[in-house]
Amino acid sequence: LIIHLSALKEDITSEDVSTNSVMPNPTPGVVDLICKEDGIICGLQVFERVFTLRIIHKAEFYVKDGDHVENKQLVGKIYGDIRVLLCGERTAL
């Protein structure tokens, strides 16, 4: 799977001022991945790769590409520095 770093260039080379103002130091945490509507899941490898490039500790998914998902369903968790997770979310989604 090839991910072009240009998609992350803005987040990698600049500071997220909003995040850093409220969270200046590395802060470990967990983010729940919850569906916002019914559908078919697609792109989990790309989603995970964005965070791998941003240095996450762990990603776990409870579904796989092609699975039907429902509104409010927990589909996975991402573990790592909350600041990194906030910075990468725009590109990953």
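The values are calculated or read from the model by the stated rules, or taken from the named source; none is laboratory data. Since we're looking at a predicted model, the values are computed, not measured. Cβ coordinates were reconstructed from backbone atoms using ideal geometry, including for glycine residues, and neighbour counts include every protein chain displayed. Note: accessible area is taken over every heavy atom of the protein model, side chains too, but ligands, DNA and RNA are not part of it. Shrake-Rupley method; radii C 1.70, N 1.55, O 1.52, S 1.80 Å.
Among the residues making up region 45-83, a single one is of a type in the set (A, V, I, L, M, F, W, C), modelled with pLDDT of 85 or more and open to solvent by 60 Å² or more (accessible area, probe 1.4 Å): LEU74. Scan region 37-53 for residues that are more than 15 Å from LYS64 (Cβ to Cβ) and more than 15 Å from the chain's Cα centre (by Cα) and the total you get is 2. Give me the pairs: first residue in region 76-89 and within 21 Å of LYS36 (Cα to Cα), second residue in a helix (DSSP H, G or I) and at pLDDT 80 or above, beta-carbon distance under 8 Å, and six or more apart or on different chains, which are they? Note: pairs meeting the criteria are GLY76/LEU44.
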